[in-house]
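The structure appears below as C-alpha coordinates.
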(Lines give C-alpha, C1' and ligand atoms only; values in the text may rest on other atoms or scores of the structure.)
Protein backbone atom coordinates (compact mmCIF):
# COMPACT_ATOMS: atom_id res chain seq x y z
CA UNK A 1 0.00 0.00 0.00
CA UNK A 2 2.89 2.36 0.77
CA UNK A 3 4.38 1.82 -2.68
CA UNK A 4 1.02 2.41 -4.29
CA UNK A 5 0.55 5.75 -2.50
CA UNK A 6 4.11 6.65 -3.47
CA UNK A 7 3.30 5.98 -7.13
CA UNK A 8 0.12 8.02 -6.91
CA UNK A 9 1.94 10.93 -5.27
CA UNK A 10 4.78 10.80 -7.79
CA UNK A 11 2.44 10.60 -10.76
CA UNK A 12 0.27 13.47 -9.48
CA UNK A 13 3.30 15.65 -8.91
CA UNK A 14 4.82 14.90 -12.29
CA UNK A 15 1.49 15.36 -14.05
CA UNK A 16 1.52 18.94 -12.78
CA UNK A 17 5.03 19.28 -14.25
CA UNK A 18 4.62 18.06 -17.85
CA UNK A 19 8.27 18.60 -18.64
CA UNK A 20 9.36 15.93 -16.14
CA UNK A 21 9.42 12.40 -17.46
CA UNK A 22 8.51 9.17 -15.66
CA UNK A 23 10.87 6.30 -16.20
CA UNK A 24 9.72 3.26 -18.12
CA UNK A 25 10.36 1.14 -15.04
CA UNK A 26 8.18 3.41 -12.91
CA UNK A 27 5.36 3.31 -15.47
CA UNK A 28 5.54 -0.48 -15.60
CA UNK A 29 5.24 -0.68 -11.81
CA UNK A 30 2.21 1.61 -11.84
CA UNK A 31 0.48 -0.34 -14.63
CA UNK A 32 1.12 -3.64 -12.86
CA UNK A 33 -0.21 -2.20 -9.61
CA UNK A 34 -3.37 -1.01 -11.36
CA UNK A 35 -3.82 -4.53 -12.70
CA UNK A 36 -3.41 -5.94 -9.19
CA UNK A 37 -6.02 -3.53 -7.82
CA UNK A 38 -8.54 -4.47 -10.50
CA UNK A 39 -7.88 -8.19 -9.92
CA UNK A 40 -8.23 -7.83 -6.14
CA UNK A 41 -11.53 -5.95 -6.19
CA UNK A 42 -13.14 -7.62 -9.25
CA UNK A 43 -14.52 -10.60 -7.25
CA UNK A 44 -16.02 -8.17 -4.70
CA UNK A 45 -17.53 -5.70 -7.18
CA UNK A 46 -17.59 -7.36 -10.64
CA UNK A 47 -19.54 -4.52 -12.26
CA UNK A 48 -17.17 -1.84 -10.97
CA UNK A 49 -13.70 -3.31 -11.36
CA UNK A 50 -13.31 -4.68 -14.88
CA UNK A 51 -9.73 -5.55 -15.69
CA UNK A 52 -10.40 -6.41 -19.32
CA UNK A 53 -11.88 -2.97 -19.95
CA UNK A 54 -8.81 -1.35 -18.39
CA UNK A 55 -6.54 -3.44 -20.65
CA UNK A 56 -8.58 -2.36 -23.67
CA UNK A 57 -8.27 1.31 -22.72
CA UNK A 58 -4.55 0.93 -22.00
CA UNK A 59 -3.95 -0.77 -25.35
CA UNK A 60 -5.87 2.00 -27.11
CA UNK A 61 -3.75 4.73 -25.46
CA UNK A 62 -0.53 2.98 -26.46
CA UNK A 63 -1.79 2.40 -29.98
CA UNK A 64 -2.85 6.01 -30.41
CA UNK A 65 0.30 7.29 -28.62
CA UNK A 66 -1.87 9.23 -26.23
CA UNK A 67 -0.93 10.98 -22.99
CA UNK A 68 0.06 7.97 -20.90
CA UNK A 69 0.62 9.93 -17.69
CA UNK A 70 -2.81 11.53 -17.88
CA UNK A 71 -4.42 8.18 -18.69
CA UNK A 72 -2.79 6.47 -15.70
CA UNK A 73 -3.65 9.33 -13.36
CA UNK A 74 -7.30 9.13 -14.46
CA UNK A 75 -7.30 5.37 -13.89
CA UNK A 76 -5.77 5.76 -10.44
CA UNK A 77 -8.30 8.43 -9.46
CA UNK A 78 -11.13 6.18 -10.67
CA UNK A 79 -9.75 3.22 -8.71
CA UNK A 80 -9.42 5.26 -5.52
CA UNK A 81 -12.98 6.57 -5.84
CA UNK A 82 -14.35 3.07 -6.42
CA UNK A 83 -12.36 1.63 -3.51
CA UNK A 84 -13.55 4.39 -1.18
CA UNK A 85 -17.14 3.83 -2.30
CA UNK A 86 -16.81 0.10 -1.73
CA UNK A 87 -15.34 0.65 1.74
CA UNK A 88 -18.15 3.06 2.63
CA UNK A 89 -20.85 0.70 1.43
CA UNK A 90 -19.23 -2.21 3.23
CA UNK A 91 -19.24 -0.25 6.48
CA UNK A 92 -22.90 0.68 5.95
CA UNK A 93 -23.72 -2.96 5.29
CA UNK A 94 -21.99 -3.95 8.53
CA UNK A 95 -23.91 -1.27 10.40
CA UNK A 96 -27.21 -2.50 8.95
CA UNK A 97 -26.26 -6.10 9.68
CA UNK A 98 -25.52 -5.29 13.31
CA UNK A 99 -28.35 -2.80 13.76
CA UNK A 100 -31.04 -3.38 16.41
CA UNK A 101 -33.67 -3.63 13.67
CA UNK A 102 -31.79 -6.41 11.89
CA UNK A 103 -31.19 -8.23 15.16
CA UNK A 104 -34.91 -8.07 15.94
CA UNK A 105 -35.72 -9.50 12.50
CA UNK A 106 -33.19 -12.29 13.01
CA UNK A 107 -34.66 -13.08 16.42
CA UNK A 108 -38.16 -13.10 14.96
CA UNK A 109 -37.14 -15.46 12.19
CA UNK A 110 -35.49 -17.80 14.68
CA UNK A 111 -38.92 -18.38 16.24
CA UNK A 112 -40.17 -20.33 13.24
CA UNK A 113 -37.12 -21.74 11.45
CA UNK A 114 -37.27 -24.91 13.55
CA UNK A 115 -40.41 -25.87 11.62
CA UNK A 116 -40.02 -27.75 8.33
CA UNK A 117 -39.62 -25.49 5.30
CA UNK A 118 -41.61 -26.45 2.21
CA UNK A 119 -40.68 -24.95 -1.16
CA UNK A 120 -43.66 -24.43 -3.43
CA UNK A 121 -42.88 -21.42 -5.67
CA UNK A 122 -39.73 -19.32 -6.30
CA UNK A 123 -41.69 -16.14 -5.48
CA UNK A 124 -43.17 -17.54 -2.29
CA UNK A 125 -42.16 -15.63 0.84
CA UNK A 126 -39.71 -17.34 3.17
CA UNK A 127 -42.07 -16.99 6.16
CA UNK A 128 -45.01 -18.67 4.42
CA UNK A 129 -42.82 -21.62 3.41
CA UNK A 130 -42.07 -22.29 7.08
CA UNK A 131 -45.71 -21.67 8.02
CA UNK A 132 -46.80 -24.21 5.41
CA UNK A 133 -44.36 -26.72 6.92
CA UNK A 134 -45.57 -25.99 10.45
CA UNK A 135 -49.25 -26.51 9.60
CA UNK A 136 -48.57 -29.59 7.47
CA UNK A 137 -46.70 -31.09 10.42
CA UNK A 138 -49.61 -30.18 12.73
CA UNK A 139 -52.12 -31.84 10.38
CA UNK A 140 -50.06 -35.02 10.13
CA UNK A 141 -49.40 -35.25 13.88
CA UNK A 142 -51.76 -33.30 16.16
CA UNK A 143 -54.86 -33.66 14.00
CA UNK A 144 -54.24 -37.40 13.69
CA UNK A 145 -54.18 -37.66 17.47
CA UNK A 146 -57.24 -35.41 17.76
CA UNK A 147 -59.13 -37.77 15.46
CA UNK A 148 -58.19 -40.77 17.63
CA UNK A 149 -59.46 -39.00 20.75
CA UNK A 150 -62.74 -37.59 19.44
CA UNK A 151 -63.74 -39.80 16.52
CA UNK A 152 -67.45 -40.65 16.76
CA UNK A 153 -68.10 -38.30 19.70
CA UNK A 154 -70.35 -35.27 19.97
CA UNK A 155 -67.28 -33.18 20.76
CA UNK A 156 -66.03 -33.77 17.21
CA UNK A 157 -68.92 -31.64 15.93
CA UNK A 158 -67.49 -28.67 17.85
CA UNK A 159 -64.09 -29.18 16.24
CA UNK A 160 -64.84 -30.05 12.62
CA UNK A 161 -65.08 -26.50 11.20
CA UNK A 162 -61.70 -25.35 12.52
CA UNK A 163 -60.14 -28.69 11.55
CA UNK A 164 -61.39 -28.24 7.99
CA UNK A 165 -59.83 -24.77 7.86
CA UNK A 166 -56.49 -26.04 9.18
CA UNK A 167 -56.51 -28.96 6.73
CA UNK A 168 -57.13 -26.57 3.87
CA UNK A 169 -53.70 -25.10 4.60
CA UNK A 170 -51.76 -28.17 5.73
CA UNK A 171 -53.29 -31.30 4.23
CA UNK A 172 -51.26 -32.47 1.25
CA UNK A 173 -52.67 -34.85 -1.34
CA UNK A 174 -49.96 -37.14 -2.68
CA UNK A 175 -47.41 -34.99 -4.53
CA UNK A 176 -49.64 -31.92 -4.87
CA UNK A 177 -49.75 -28.89 -2.57
CA UNK A 178 -52.51 -28.17 -0.06
CA UNK A 179 -55.69 -26.47 -1.23
CA UNK A 180 -54.74 -23.02 0.11
CA UNK A 181 -51.16 -23.17 -1.17
CA UNK A 182 -52.40 -24.30 -4.59
CA UNK A 183 -54.68 -21.24 -4.65
CA UNK A 184 -51.72 -19.07 -3.61
CA UNK A 185 -49.55 -20.44 -6.44
CA UNK A 186 -52.29 -19.82 -9.01
CA UNK A 187 -52.71 -16.24 -7.78
CA UNK A 188 -48.95 -15.58 -7.80
CA UNK A 189 -48.72 -16.73 -11.42
CA UNK A 190 -51.84 -14.79 -12.43
CA UNK A 191 -50.30 -11.59 -11.05
CA UNK A 192 -46.84 -12.26 -12.47
CA UNK A 193 -45.22 -12.44 -9.04
CA UNK A 194 -46.43 -9.03 -7.86
CA UNK A 195 -44.64 -8.60 -4.48
CA UNK A 196 -47.43 -6.52 -2.91
CA UNK A 197 -49.99 -9.21 -3.66
CA UNK A 198 -47.70 -12.00 -2.43
CA UNK A 199 -47.18 -10.18 0.87
CA UNK A 200 -50.90 -9.51 1.39
CA UNK A 201 -52.00 -13.03 0.46
CA UNK A 202 -49.27 -14.57 2.63
CA UNK A 203 -50.41 -12.57 5.65
CA UNK A 204 -54.04 -13.47 4.94
CA UNK A 205 -53.15 -17.18 4.82
CA UNK A 206 -51.28 -16.95 8.12
CA UNK A 207 -54.06 -14.94 9.80
CA UNK A 208 -56.94 -17.17 8.66
CA UNK A 209 -55.15 -20.38 9.60
CA UNK A 210 -54.06 -18.99 12.98
CA UNK A 211 -57.66 -17.99 13.70
CA UNK A 212 -58.63 -21.64 13.11
CA UNK A 213 -55.79 -22.77 15.39
CA UNK A 214 -56.99 -20.37 18.09
CA UNK A 215 -60.56 -21.64 17.81
CA UNK A 216 -59.24 -25.18 18.20
CA UNK A 217 -57.19 -24.11 21.23
CA UNK A 218 -60.16 -22.29 22.79
CA UNK A 219 -62.53 -25.21 22.14
CA UNK A 220 -60.17 -27.74 23.68
CA UNK A 221 -59.68 -25.41 26.65
CA UNK A 222 -63.42 -25.21 27.18
CA UNK A 223 -63.76 -29.00 26.98
CA UNK A 224 -61.00 -29.42 29.54
CA UNK A 225 -62.71 -26.94 31.89
CA UNK A 226 -65.98 -28.82 31.54
CA UNK A 227 -64.24 -32.19 32.14
CA UNK A 228 -65.34 -33.51 28.76
CA UNK A 229 -61.96 -35.13 28.01
CA UNK A 230 -61.00 -38.30 29.85
CA UNK A 231 -57.88 -38.27 32.04
CA UNK A 232 -58.06 -42.09 32.31
CA UNK A 233 -58.28 -43.27 28.70
CA UNK A 234 -54.91 -43.52 26.99
CA UNK A 235 -53.80 -43.51 23.39
CA UNK A 236 -52.88 -46.80 21.77
CA UNK A 237 -52.21 -47.30 18.07
CA UNK A 238 -50.19 -49.58 15.76
CA UNK A 239 -46.58 -48.57 15.18
CA UNK A 240 -45.98 -46.95 11.80
CA UNK A 241 -42.37 -46.17 10.81
CA UNK A 242 -43.71 -43.45 8.51
CA UNK A 243 -45.40 -41.71 11.44
CA UNK A 244 -42.63 -41.52 14.04
CA UNK A 245 -43.94 -38.12 15.19
CA UNK A 246 -47.02 -39.78 16.67
CA UNK A 247 -44.91 -41.82 19.09
CA UNK A 248 -44.59 -38.99 21.61
CA UNK A 249 -48.35 -39.35 22.25
CA UNK A 250 -48.31 -43.12 22.75
CA UNK A 251 -49.55 -44.12 26.21
CA UNK A 252 -50.55 -40.58 27.14
CA UNK A 253 -54.06 -39.85 28.40
CA UNK A 254 -56.64 -38.15 26.22
CA UNK A 255 -56.50 -35.17 28.57
CA UNK A 256 -52.71 -34.79 28.46
CA UNK A 257 -52.69 -35.24 24.67
CA UNK A 258 -55.35 -32.54 24.25
CA UNK A 259 -53.29 -30.20 26.38
CA UNK A 260 -50.24 -30.90 24.19
CA UNK A 261 -52.29 -30.14 21.08
CA UNK A 262 -53.39 -26.82 22.58
CA UNK A 263 -49.76 -25.99 23.33
CA UNK A 264 -48.86 -26.73 19.70
CA UNK A 265 -51.63 -24.40 18.51
CA UNK A 266 -50.28 -21.58 20.64
CA UNK A 267 -46.72 -22.33 19.56
CA UNK A 268 -47.50 -21.83 15.87
CA UNK A 269 -49.61 -18.74 16.54
CA UNK A 270 -46.83 -17.16 18.59
CA UNK A 271 -44.01 -18.10 16.20
CA UNK A 272 -45.74 -16.30 13.35
CA UNK A 273 -46.60 -13.15 15.32
CA UNK A 274 -50.32 -13.76 15.64
CA UNK A 275 -50.46 -13.49 19.44
CA UNK A 276 -52.70 -10.46 19.04
CA UNK A 277 -55.54 -12.88 18.28
CA UNK A 278 -55.64 -13.69 22.00
CA UNK A 279 -55.98 -10.00 22.85
CA UNK A 280 -58.77 -9.20 20.39
CA UNK A 281 -62.25 -8.71 21.84
CA UNK A 282 -64.84 -11.37 21.23
CA UNK A 283 -67.89 -10.19 19.28
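The values are calculated or read from the model by the stated rules, or taken from the named source; none is laboratory data. Quick caveat: nothing in here was measured; it's all calculated off a predicted structure. For neighbour counting, all protein chains shown are included, and Cβ atoms are generated from backbone atoms with ideal geometry for every residue, glycine included.
Going by what's in this entry, would residue 246 be described as in a helix (DSSP H, G or I) and either over 17 Å from residue 151 (Cβ atoms) or modelled with pLDDT of 95 or more (or both)? No; evaluated as a whole, the condition is false for this residue. Going through (1) part of a helix (DSSP H, G or I); (2) over 25 Å from residue 196 (Cα atoms); (3) at pLDDT below 75; (4) touching a helix residue (DSSP H, G or I) at 6+ places or on another chain (Cβ under 7 Å) one by one, residue 48 falls short only on (1).
Checking 228, 273, 266 one by one, the residue that is under 24 Å from the mean Cα position of the chain (by Cα), in contact (Cβ under 8 Å) with a residue 12 or more places away in the chain and in a loop (DSSP other than H, G, I, E, B) is 273 and no other. Step by step: first the residues of region 234-259, then only those that are touching a residue at least 60 places away in the same chain (Cβ under 8 Å) and surrounded by 15 or more Cβ atoms within 10 Å (Cβ to Cβ), then the one that is nearest to residue 133 (Cα to Cα). Which residue is that? Among residues in region 234-259 that are touching a residue at least 60 places away in the same chain (Cβ under 8 Å) and surrounded by 15 or more Cβ atoms within 10 Å (Cβ to Cβ), the one nearest to residue 133 (Cα to Cα) is 246. When region 201-216 is filtered for residues that are surrounded by fewer than 19 Cβ atoms within 10 Å (Cβ to Cβ) and within 17 Å of the chain's Cα centre (by Cα), only 203 remains. Filtering region 12-31 to residues that are modelled with pLDDT of 80 or more and surrounded by 10 or more Cβ atoms within 10 Å (Cβ to Cβ) leaves 26, 27, 28, 29, 30, 31.
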